[in-house]
Amino acid sequence: MKKEFLGRRCRLFSAILVATLTLSTGMTDSFALTVRADDTVKVTVDKVIPKPVISEVSNDYKGLLVTWKEAEGANGYLLFRRLKSSAPWEQIADLPKETLSFIDEDAMKEGGIYTYMVRAYDGTIVSEDSAPKTVTRFPVSKVNVKVKYAQKSARNMQKMINDFRLSNEAWEWNATNTQQISIQGLTKLAYDYKLEKIAMTRVAEIALKFSHERPCGTDCFSAFSEAGYKYTYAGENIAYGYKTAKAAFEAFKETNEKYAGQGHRRNMLSTNYNVCAIGHAKINGVHYWVQLFANTEDDSDYSKTISTTKKVTMYVASDDLATYKKTLKELGAKVKDYAPRKTSFVDAVAGQRKVKLVYNKAIGASGYEIYRSNKKKGGYKKIATINNQYKLEYMDKKLSRKKKYYYYIIPFRTAHDDKIYGKKSEVKMVKTN
(Lines give C-alpha, C1' and ligand atoms only; values in the text may rest on other atoms or scores of the structure.)
Protein backbone atom coordinates (compact mmCIF):
# COMPACT_ATOMS: atom_id res chain seq x y z
CA MET A 1 0.00 0.00 0.00
CA LYS A 2 1.40 3.32 -0.97
CA LYS A 3 0.59 7.01 -0.84
CA GLU A 4 2.09 10.29 -2.04
CA PHE A 5 1.23 13.97 -1.72
CA LEU A 6 1.95 17.20 -3.54
CA GLY A 7 0.91 20.80 -3.00
CA ARG A 8 1.24 23.87 -5.15
CA ARG A 9 0.57 27.56 -4.91
CA CYS A 10 -0.60 28.78 -8.28
CA ARG A 11 0.41 32.41 -8.84
CA LEU A 12 -2.16 32.80 -11.58
CA PHE A 13 -3.86 35.97 -10.39
CA SER A 14 -0.70 37.71 -9.19
CA ALA A 15 0.99 36.80 -12.46
CA ILE A 16 -1.84 38.38 -14.42
CA LEU A 17 -1.68 41.46 -12.21
CA VAL A 18 2.06 41.76 -12.69
CA ALA A 19 1.70 41.27 -16.42
CA THR A 20 -1.00 43.90 -16.55
CA LEU A 21 1.11 46.33 -14.57
CA THR A 22 4.14 45.54 -16.66
CA LEU A 23 2.24 46.07 -19.86
CA SER A 24 0.61 49.25 -18.58
CA THR A 25 3.84 50.86 -17.39
CA GLY A 26 5.81 49.39 -20.24
CA MET A 27 3.79 51.07 -23.01
CA THR A 28 6.62 52.86 -24.74
CA ASP A 29 4.49 55.07 -26.99
CA SER A 30 6.76 57.43 -28.91
CA PHE A 31 5.87 61.13 -28.85
CA ALA A 32 6.71 63.41 -31.79
CA LEU A 33 6.71 67.12 -30.84
CA THR A 34 6.15 69.83 -33.45
CA VAL A 35 6.59 73.49 -32.40
CA ARG A 36 4.49 75.96 -34.40
CA ALA A 37 5.02 79.70 -34.90
CA ASP A 38 2.68 80.54 -32.03
CA ASP A 39 4.80 78.37 -29.72
CA THR A 40 1.98 75.88 -29.00
CA VAL A 41 2.96 72.25 -29.05
CA LYS A 42 1.20 69.55 -31.10
CA VAL A 43 1.62 65.98 -29.81
CA THR A 44 1.20 62.98 -32.10
CA VAL A 45 1.33 59.42 -30.80
CA ASP A 46 2.72 56.46 -32.74
CA LYS A 47 1.20 53.26 -31.35
CA VAL A 48 3.64 50.62 -30.17
CA ILE A 49 2.47 47.08 -29.43
CA PRO A 50 4.42 45.28 -26.68
CA LYS A 51 6.14 42.13 -27.85
CA PRO A 52 4.36 38.93 -26.78
CA VAL A 53 5.80 36.49 -24.25
CA ILE A 54 5.75 32.76 -24.98
CA SER A 55 4.76 31.14 -21.69
CA GLU A 56 5.15 27.49 -22.66
CA VAL A 57 5.79 25.01 -25.47
CA SER A 58 4.63 21.52 -24.49
CA ASN A 59 4.29 18.11 -26.10
CA ASP A 60 0.73 17.27 -27.08
CA TYR A 61 -0.93 14.31 -28.79
CA LYS A 62 -1.48 16.36 -31.95
CA GLY A 63 1.89 18.13 -31.99
CA LEU A 64 3.64 20.87 -30.02
CA LEU A 65 1.35 23.24 -28.11
CA VAL A 66 2.63 26.83 -28.10
CA THR A 67 1.06 29.20 -25.55
CA TRP A 68 1.72 32.92 -25.14
CA LYS A 69 0.49 35.87 -23.09
CA GLU A 70 -1.77 38.58 -24.45
CA ALA A 71 -0.04 41.68 -25.84
CA GLU A 72 -1.97 44.84 -25.04
CA GLY A 73 -3.39 46.51 -28.14
CA ALA A 74 -2.83 43.49 -30.40
CA ASN A 75 -5.45 42.56 -32.98
CA GLY A 76 -3.72 39.33 -34.00
CA TYR A 77 -0.59 37.22 -33.74
CA LEU A 78 1.91 35.75 -36.20
CA LEU A 79 3.56 32.49 -35.13
CA PHE A 80 6.95 31.46 -36.55
CA ARG A 81 9.02 28.28 -36.35
CA ARG A 82 12.52 27.13 -37.26
CA LEU A 83 14.46 23.87 -36.85
CA LYS A 84 17.95 25.38 -36.88
CA SER A 85 19.29 28.56 -35.29
CA SER A 86 20.85 29.50 -38.62
CA ALA A 87 17.61 29.00 -40.57
CA PRO A 88 15.18 31.84 -41.36
CA TRP A 89 11.88 32.00 -39.50
CA GLU A 90 8.96 30.24 -41.22
CA GLN A 91 5.51 31.71 -40.55
CA ILE A 92 3.13 28.86 -39.67
CA ALA A 93 0.03 30.69 -38.41
CA ASP A 94 -1.84 34.02 -38.47
CA LEU A 95 -4.23 34.05 -35.52
CA PRO A 96 -6.93 36.42 -34.17
CA LYS A 97 -6.40 38.32 -30.92
CA GLU A 98 -8.62 35.93 -28.93
CA THR A 99 -6.30 33.02 -29.70
CA LEU A 100 -3.33 32.67 -27.35
CA SER A 101 -2.26 29.13 -28.21
CA PHE A 102 -1.63 26.99 -31.27
CA ILE A 103 -0.93 23.29 -31.86
CA ASP A 104 1.79 22.80 -34.46
CA GLU A 105 0.69 19.50 -36.00
CA ASP A 106 3.72 19.48 -38.26
CA ALA A 107 6.12 19.16 -35.31
CA MET A 108 6.10 15.38 -35.29
CA LYS A 109 9.75 14.43 -35.69
CA GLU A 110 10.63 12.27 -32.70
CA GLY A 111 13.55 13.94 -30.95
CA GLY A 112 13.25 16.96 -33.25
CA ILE A 113 14.30 20.35 -31.88
CA TYR A 114 11.80 23.12 -32.65
CA THR A 115 12.07 26.83 -31.87
CA TYR A 116 9.13 29.26 -31.88
CA MET A 117 8.68 33.05 -31.96
CA VAL A 118 5.54 35.24 -31.89
CA ARG A 119 4.82 38.74 -33.19
CA ALA A 120 1.74 40.76 -32.29
CA TYR A 121 0.14 43.14 -34.76
CA ASP A 122 -2.66 45.65 -35.28
CA GLY A 123 -3.10 46.41 -38.96
CA THR A 124 0.29 47.45 -40.28
CA ILE A 125 1.78 47.97 -36.80
CA VAL A 126 3.85 44.94 -35.77
CA SER A 127 5.57 44.31 -32.45
CA GLU A 128 9.15 43.24 -31.93
CA ASP A 129 9.88 39.52 -31.94
CA SER A 130 9.12 37.66 -28.75
CA ALA A 131 11.99 35.89 -27.05
CA PRO A 132 12.32 32.51 -28.84
CA LYS A 133 11.47 29.30 -27.01
CA THR A 134 12.96 25.92 -27.93
CA VAL A 135 11.64 22.45 -27.10
CA THR A 136 12.41 18.84 -28.03
CA ARG A 137 9.55 16.86 -29.52
CA PHE A 138 8.56 13.67 -27.73
CA PRO A 139 5.41 12.23 -29.32
CA VAL A 140 2.42 11.40 -27.13
CA SER A 141 0.16 8.38 -27.69
CA LYS A 142 -3.54 8.14 -26.90
CA VAL A 143 -4.52 5.27 -24.59
CA ASN A 144 -8.10 4.14 -23.99
CA VAL A 145 -8.83 2.05 -20.88
CA LYS A 146 -11.97 0.91 -19.08
CA VAL A 147 -12.18 2.11 -15.50
CA LYS A 148 -14.64 0.95 -12.83
CA TYR A 149 -15.39 4.02 -10.72
CA ALA A 150 -16.78 3.95 -7.18
CA GLN A 151 -17.57 7.61 -6.56
CA LYS A 152 -20.17 6.97 -3.87
CA SER A 153 -17.47 5.78 -1.49
CA ALA A 154 -15.19 8.58 -2.72
CA ARG A 155 -17.70 11.28 -1.77
CA ASN A 156 -18.07 9.75 1.68
CA MET A 157 -14.49 10.81 2.38
CA GLN A 158 -15.43 14.51 2.29
CA LYS A 159 -17.20 14.21 5.68
CA MET A 160 -14.19 12.40 7.14
CA ILE A 161 -11.90 15.23 5.99
CA ASN A 162 -14.17 17.96 7.37
CA ASP A 163 -14.70 16.17 10.71
CA PHE A 164 -10.92 15.83 10.96
CA ARG A 165 -10.36 19.53 10.20
CA LEU A 166 -12.80 20.62 12.93
CA SER A 167 -11.67 18.14 15.60
CA ASN A 168 -9.00 18.30 18.30
CA GLU A 169 -6.96 15.96 16.09
CA ALA A 170 -6.19 18.86 13.74
CA TRP A 171 -2.51 19.14 14.61
CA GLU A 172 0.85 18.51 12.96
CA TRP A 173 4.42 18.16 14.11
CA ASN A 174 6.73 21.13 13.75
CA ALA A 175 9.77 20.70 11.49
CA THR A 176 11.99 19.60 14.40
CA ASN A 177 9.45 17.08 15.76
CA THR A 178 9.55 18.76 19.18
CA GLN A 179 6.00 20.13 19.33
CA GLN A 180 2.54 19.24 18.08
CA ILE A 181 1.11 22.39 16.47
CA SER A 182 -2.67 22.86 16.61
CA ILE A 183 -3.98 24.18 13.30
CA GLN A 184 -6.15 27.26 13.75
CA GLY A 185 -8.67 28.83 11.38
CA LEU A 186 -9.77 25.63 9.67
CA THR A 187 -13.21 25.52 8.04
CA LYS A 188 -15.20 22.87 6.22
CA LEU A 189 -14.28 22.20 2.59
CA ALA A 190 -17.09 22.30 0.02
CA TYR A 191 -17.28 19.43 -2.41
CA ASP A 192 -16.33 20.63 -5.92
CA TYR A 193 -17.97 18.57 -8.66
CA LYS A 194 -15.84 20.07 -11.40
CA LEU A 195 -12.73 19.22 -9.41
CA GLU A 196 -14.12 15.68 -8.99
CA LYS A 197 -13.92 15.15 -12.75
CA ILE A 198 -10.21 16.00 -12.59
CA ALA A 199 -9.81 13.58 -9.65
CA MET A 200 -11.45 10.86 -11.74
CA THR A 201 -9.00 11.53 -14.56
CA ARG A 202 -6.08 11.39 -12.17
CA VAL A 203 -7.23 8.17 -10.46
CA ALA A 204 -7.17 6.42 -13.85
CA GLU A 205 -3.73 7.83 -14.60
CA ILE A 206 -2.13 6.70 -11.34
CA ALA A 207 -3.17 3.13 -12.14
CA LEU A 208 -0.78 3.37 -15.06
CA LYS A 209 1.84 5.60 -13.44
CA PHE A 210 1.69 5.99 -9.67
CA SER A 211 3.23 9.42 -9.44
CA HIS A 212 2.38 13.11 -9.28
CA GLU A 213 3.82 13.21 -12.79
CA ARG A 214 1.23 12.21 -15.36
CA PRO A 215 1.81 9.48 -17.98
CA CYS A 216 2.18 12.19 -20.63
CA GLY A 217 5.16 13.62 -18.72
CA THR A 218 3.59 16.79 -17.24
CA ASP A 219 2.88 17.35 -13.54
CA CYS A 220 -0.49 16.56 -11.99
CA PHE A 221 -1.58 20.20 -11.98
CA SER A 222 -1.63 20.28 -15.79
CA ALA A 223 -4.90 18.32 -15.45
CA PHE A 224 -6.37 21.43 -13.77
CA SER A 225 -5.43 23.74 -16.63
CA GLU A 226 -6.62 21.23 -19.26
CA ALA A 227 -10.05 21.27 -17.61
CA GLY A 228 -10.07 25.07 -17.48
CA TYR A 229 -10.10 24.96 -13.69
CA LYS A 230 -9.11 28.26 -12.03
CA TYR A 231 -7.42 28.20 -8.64
CA THR A 232 -4.90 30.01 -6.46
CA TYR A 233 -3.76 27.00 -4.42
CA ALA A 234 -3.99 23.28 -5.18
CA GLY A 235 -2.85 20.01 -3.65
CA GLU A 236 -3.00 16.30 -4.44
CA ASN A 237 -2.82 13.13 -2.31
CA ILE A 238 -2.70 9.72 -3.99
CA ALA A 239 -2.82 6.15 -2.66
CA TYR A 240 -3.53 2.59 -3.73
CA GLY A 241 -4.27 -0.73 -2.06
CA TYR A 242 -6.86 0.51 0.48
CA LYS A 243 -10.22 -1.15 -0.10
CA THR A 244 -12.43 1.37 1.74
CA ALA A 245 -12.65 5.14 2.04
CA LYS A 246 -12.10 4.82 5.81
CA ALA A 247 -8.89 2.82 5.36
CA ALA A 248 -7.53 5.25 2.76
CA PHE A 249 -8.45 8.24 4.91
CA GLU A 250 -6.74 6.79 8.00
CA ALA A 251 -3.60 6.21 5.93
CA PHE A 252 -3.69 9.83 4.71
CA LYS A 253 -4.00 11.07 8.35
CA GLU A 254 -0.47 9.81 9.19
CA THR A 255 -1.16 10.18 12.92
CA ASN A 256 1.86 8.09 13.91
CA GLU A 257 4.30 9.77 11.52
CA LYS A 258 6.74 12.56 12.29
CA TYR A 259 6.94 15.83 10.32
CA ALA A 260 8.68 14.35 7.27
CA GLY A 261 5.94 11.74 6.91
CA GLN A 262 2.94 14.02 7.37
CA GLY A 263 2.67 15.59 3.92
CA HIS A 264 -0.78 14.10 3.28
CA ARG A 265 -1.93 15.25 6.72
CA ARG A 266 -0.74 18.81 6.06
CA ASN A 267 -2.61 18.84 2.75
CA MET A 268 -5.86 17.81 4.47
CA LEU A 269 -5.32 20.38 7.25
CA SER A 270 -4.21 23.30 5.10
CA THR A 271 -5.92 26.66 5.52
CA ASN A 272 -5.12 27.44 1.87
CA TYR A 273 -8.05 25.42 0.51
CA ASN A 274 -11.81 25.94 0.39
CA VAL A 275 -12.88 22.93 -1.73
CA CYS A 276 -11.99 19.27 -2.16
CA ALA A 277 -12.89 16.30 -4.37
CA ILE A 278 -12.02 12.62 -4.30
CA GLY A 279 -11.61 10.00 -6.99
CA HIS A 280 -11.87 6.24 -6.38
CA ALA A 281 -11.56 3.43 -8.89
CA LYS A 282 -10.92 -0.30 -8.85
CA ILE A 283 -8.63 -1.16 -11.73
CA ASN A 284 -7.33 -4.65 -12.42
CA GLY A 285 -8.42 -5.65 -8.89
CA VAL A 286 -6.58 -2.79 -7.15
CA HIS A 287 -8.23 0.19 -5.43
CA TYR A 288 -6.83 3.65 -6.27
CA TRP A 289 -7.59 6.92 -4.44
CA VAL A 290 -6.99 10.58 -5.29
CA GLN A 291 -7.71 13.51 -3.00
CA LEU A 292 -7.64 16.94 -4.66
CA PHE A 293 -7.75 20.25 -2.82
CA ALA A 294 -8.01 23.78 -4.18
CA ASN A 295 -8.81 27.38 -3.43
CA THR A 296 -11.19 28.70 -6.05
CA GLU A 297 -13.77 31.43 -6.53
CA ASP A 298 -15.80 29.43 -9.06
CA ASP A 299 -18.90 27.55 -7.96
CA SER A 300 -19.63 24.09 -9.38
CA ASP A 301 -22.96 22.44 -10.17
CA TYR A 302 -23.99 19.12 -8.66
CA SER A 303 -23.37 16.07 -10.81
CA LYS A 304 -24.73 12.57 -10.41
CA THR A 305 -22.52 10.03 -8.65
CA ILE A 306 -20.72 7.70 -11.05
CA SER A 307 -20.22 4.14 -9.87
CA THR A 308 -20.03 2.38 -13.22
CA THR A 309 -17.40 1.32 -15.74
CA LYS A 310 -16.42 4.08 -18.14
CA LYS A 311 -14.00 4.37 -21.02
CA VAL A 312 -11.26 6.82 -20.14
CA THR A 313 -8.79 8.44 -22.52
CA MET A 314 -5.35 9.33 -21.25
CA TYR A 315 -2.14 10.35 -22.96
CA VAL A 316 1.22 8.64 -22.58
CA ALA A 317 4.67 9.80 -23.67
CA SER A 318 5.39 7.46 -26.57
CA ASP A 319 8.92 6.67 -25.40
CA ASP A 320 7.41 5.32 -22.14
CA LEU A 321 5.05 2.86 -23.83
CA ALA A 322 7.56 0.02 -23.47
CA THR A 323 7.78 0.75 -19.74
CA TYR A 324 4.01 0.44 -19.35
CA LYS A 325 3.62 -2.47 -21.79
CA LYS A 326 2.73 -5.05 -19.13
CA THR A 327 0.35 -2.73 -17.28
CA LEU A 328 -1.35 -1.63 -20.50
CA LYS A 329 -1.89 -5.26 -21.46
CA GLU A 330 -3.36 -6.04 -18.04
CA LEU A 331 -5.70 -3.05 -18.35
CA GLY A 332 -6.81 -4.12 -21.84
CA ALA A 333 -5.72 -0.72 -23.10
CA LYS A 334 -5.89 0.31 -26.73
CA VAL A 335 -3.06 2.55 -27.95
CA LYS A 336 -3.51 5.01 -30.80
CA ASP A 337 -1.03 7.44 -32.35
CA TYR A 338 -1.86 10.67 -34.15
CA ALA A 339 -1.62 10.09 -37.88
CA PRO A 340 -0.24 12.59 -40.39
CA ARG A 341 -2.62 14.50 -42.63
CA LYS A 342 -3.48 13.31 -46.12
CA THR A 343 -1.39 14.49 -49.08
CA SER A 344 -2.58 15.34 -52.60
CA PHE A 345 -1.07 15.51 -56.07
CA VAL A 346 0.08 18.85 -57.43
CA ASP A 347 0.98 17.45 -60.83
CA ALA A 348 1.90 14.28 -62.70
CA VAL A 349 4.02 14.95 -65.79
CA ALA A 350 4.37 12.22 -68.39
CA GLY A 351 7.63 11.73 -70.23
CA GLN A 352 9.07 9.11 -72.53
CA ARG A 353 9.00 5.96 -70.40
CA LYS A 354 8.88 7.98 -67.19
CA VAL A 355 6.49 9.93 -64.96
CA LYS A 356 7.32 12.81 -62.60
CA LEU A 357 5.03 13.00 -59.58
CA VAL A 358 4.72 16.24 -57.58
CA TYR A 359 2.68 16.30 -54.38
CA ASN A 360 1.83 18.52 -51.42
CA LYS A 361 3.53 18.27 -48.05
CA ALA A 362 1.44 16.28 -45.57
CA ILE A 363 1.28 17.97 -42.16
CA GLY A 364 2.83 15.73 -39.54
CA ALA A 365 4.51 13.38 -42.01
CA SER A 366 8.15 12.36 -41.88
CA GLY A 367 8.00 10.54 -45.21
CA TYR A 368 5.87 9.07 -47.99
CA GLU A 369 5.24 5.69 -49.61
CA ILE A 370 4.36 5.71 -53.32
CA TYR A 371 2.24 2.97 -54.89
CA ARG A 372 1.64 2.16 -58.56
CA SER A 373 -0.60 -0.09 -60.63
CA ASN A 374 -1.42 -0.51 -64.31
CA LYS A 375 -5.13 -0.58 -63.49
CA LYS A 376 -7.24 1.78 -61.42
CA LYS A 377 -8.65 -0.76 -59.00
CA GLY A 378 -6.30 -3.24 -57.40
CA GLY A 379 -2.83 -4.50 -58.18
CA TYR A 380 -0.96 -1.62 -56.46
CA LYS A 381 2.61 -2.21 -55.33
CA LYS A 382 4.92 0.03 -53.35
CA ILE A 383 7.57 1.44 -55.68
CA ALA A 384 9.30 3.93 -53.41
CA THR A 385 9.72 5.08 -49.81
CA ILE A 386 10.66 8.75 -49.35
CA ASN A 387 12.25 9.29 -45.92
CA ASN A 388 12.24 13.07 -46.15
CA GLN A 389 9.13 15.10 -45.39
CA TYR A 390 10.38 17.97 -47.58
CA LYS A 391 11.09 15.90 -50.69
CA LEU A 392 7.85 16.48 -52.58
CA GLU A 393 8.55 14.93 -55.97
CA TYR A 394 9.47 11.54 -57.37
CA MET A 395 10.60 10.36 -60.81
CA ASP A 396 9.28 6.94 -61.82
CA LYS A 397 11.54 5.57 -64.56
CA LYS A 398 11.84 2.55 -66.88
CA LEU A 399 8.16 2.46 -67.76
CA SER A 400 6.51 1.24 -70.96
CA ARG A 401 5.70 3.75 -73.65
CA LYS A 402 2.14 4.97 -74.29
CA LYS A 403 0.75 3.11 -71.30
CA LYS A 404 -1.54 4.19 -68.49
CA TYR A 405 -0.26 4.08 -64.90
CA TYR A 406 -2.13 4.76 -61.66
CA TYR A 407 -0.56 6.16 -58.50
CA TYR A 408 -1.42 7.00 -54.91
CA ILE A 409 0.68 8.20 -51.96
CA ILE A 410 0.48 7.34 -48.26
CA PRO A 411 2.18 9.70 -45.75
CA PHE A 412 3.75 8.28 -42.60
CA ARG A 413 5.62 9.30 -39.51
CA THR A 414 7.78 7.24 -37.17
CA ALA A 415 6.96 6.87 -33.47
CA HIS A 416 8.49 4.40 -30.98
CA ASP A 417 10.07 2.50 -33.90
CA ASP A 418 6.71 2.04 -35.66
CA LYS A 419 5.30 3.71 -38.75
CA ILE A 420 2.08 5.63 -38.20
CA TYR A 421 0.24 5.94 -41.53
CA GLY A 422 -2.13 8.65 -42.70
CA LYS A 423 -4.87 8.19 -45.27
CA LYS A 424 -3.88 7.52 -48.86
CA SER A 425 -4.18 10.24 -51.47
CA GLU A 426 -6.59 10.18 -54.38
CA VAL A 427 -5.56 8.05 -57.37
CA LYS A 428 -3.75 9.82 -60.20
CA MET A 429 -3.65 8.42 -63.73
CA VAL A 430 -0.83 9.24 -66.16
CA LYS A 431 -0.18 7.98 -69.67
CA THR A 432 3.44 7.87 -70.75
CA ASN A 433 4.63 9.30 -74.09
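At a glance:
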read-out	value
So ALA87, is it surrounded by 15 or more Cβ atoms within 10 Å (Cβ to Cβ) and among the hydrophobic types (A, V, I, L, M, F, W, C)	no
Hits in the range 258-287 - residues which are under 15 Å from ALA190 (Cα atoms), open to solvent by less than 10 Å² (accessible area, probe 1.4 Å) and in a loop (DSSP other than H, G, I, E, B)	LEU269
Inter-residue pairs, beta-carbon under 8 Å, first under 20 Å from GLY112 (Cβ atoms) and touching a residue at least 12 places away in the same chain (Cβ under 8 Å) and in the range 313-330, second of a type in the set (A, V, I, L, M, F, W, C) and open to solvent by 20 Å² or more (accessible area, probe 1.4 Å), 6+ apart	TYR315/CYS216; VAL316/CYS216; VAL316/VAL335; ALA317/PHE138; ALA317/CYS216; SER318/PHE138; ASP319/PHE138; LEU321/VAL335
Test set (1) surrounded by fewer than 18 Cβ atoms within 10 Å (Cβ to Cβ); (2) within 30 Å of LYS336 (Cα to Cα) - LYS47 fails condition number	(2)
Positions within the range 151-171 being open to solvent by less than 50 Å² (accessible area, probe 1.4 Å) and more than 14 Å from GLN291 (Cα to Cα), in sequence order	PHE164, ARG165, SER167, ALA170, TRP171
Wholly within the range 81-161, strands (runs of 3 or more DSSP E) carrying at least 1 residues that are over 30 Å from LYS334 (Cβ atoms)	90-96, 113-122, 133-136
Residues of the range 58-78 that turn out to be over 18 Å from GLY123 (Cβ atoms), open to solvent by 20 Å² or more (accessible area, probe 1.4 Å) and in a strand (DSSP E or B), as a count	6
Selected residue [modelled with pLDDT under 95, hydrophobic (A, V, I, L, M, F, W, C) and not in a loop (DSSP other than H, G, I, E, B)] from VAL316, VAL290	VAL316
Single condition VAL430 does not satisfy, out of (1) among the β-branched types (Val, Ile, Thr); (2) modelled with pLDDT under 95; (3) over 27 Å from MET108 (Cβ atoms)	(2)
Looking only at the range 197-231, and only at residues there that are closer than 22 Å to GLY263 by Cβ and acidic (Asp, Glu), the one that is most open to solvent (accessible area, probe 1.4 Å)	GLU213
Complete set of residues in the range 135-166 that are under 30 Å from SER366 (Cα atoms) and free of Cβ contacts under 8 Å to residues at least 40 places away in the same chain	THR136
Qualifying positions in the range 128-144 - under 30 Å from ARG202 (Cβ atoms), surrounded by 22 or more Cβ atoms within 10 Å (Cβ to Cβ) and either within 14 Å of the chain's Cα centre (by Cα) or modelled with pLDDT of 95 or more (or both)	PRO139, VAL140, SER141
Total residues in the range 57-96, condition free of Cβ contacts under 8 Å to residues at least 24 places away in the same chain and of a type outside the set (Ser, Thr, Tyr)	10
Options ASP60, ASP94; residue that is at pLDDT 95 or above and among the acidic types (Asp, Glu)	ASP94
The range 175-197 residues that are over 13 Å from MET268 (Cα atoms), paired with ones that are among the small types (Gly, Ala, Ser) and open to solvent by 70 Å² or more (accessible area, probe 1.4 Å) (beta carbon under 9 Å, 6 or more apart)	ALA175/ALA260; ASN177/ALA260
Considering residues of the range 288-300 that are open to solvent by 10 Å² or more (accessible area, probe 1.4 Å) and in contact (Cβ under 8 Å) with a residue 60 or more places away in the chain only, the residue nearest to VAL312 (Cα to Cα)	TYR288
In the range 211-260, the residues that are in contact (Cβ under 8 Å) with a residue 60 or more places away in the chain, under 28 Å from ASN59 (Cα atoms) and of a type in the set (A, V, I, L, M)	ALA234, ILE238, ALA239
Residue tally, condition among the hydrophobic types (A, V, I, L, M, F, W, C) and either modelled with pLDDT under 90 or not in a strand (DSSP E or B) (or both), over the range 293-313	1
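The values are calculated or read from the model by the stated rules, or taken from the named source; none is laboratory data. The structure presented is a predicted model; accordingly, all values stated were derived computationally and were not measured. Cβ sites come from the backbone with ideal geometry, for glycine too, and all protein chains shown count toward neighbours. Note: areas computed on protein heavy atoms with side chains; ligands, DNA, RNA excluded. Shrake-Rupley method; radii C 1.70, N 1.55, O 1.52, S 1.80 Å.
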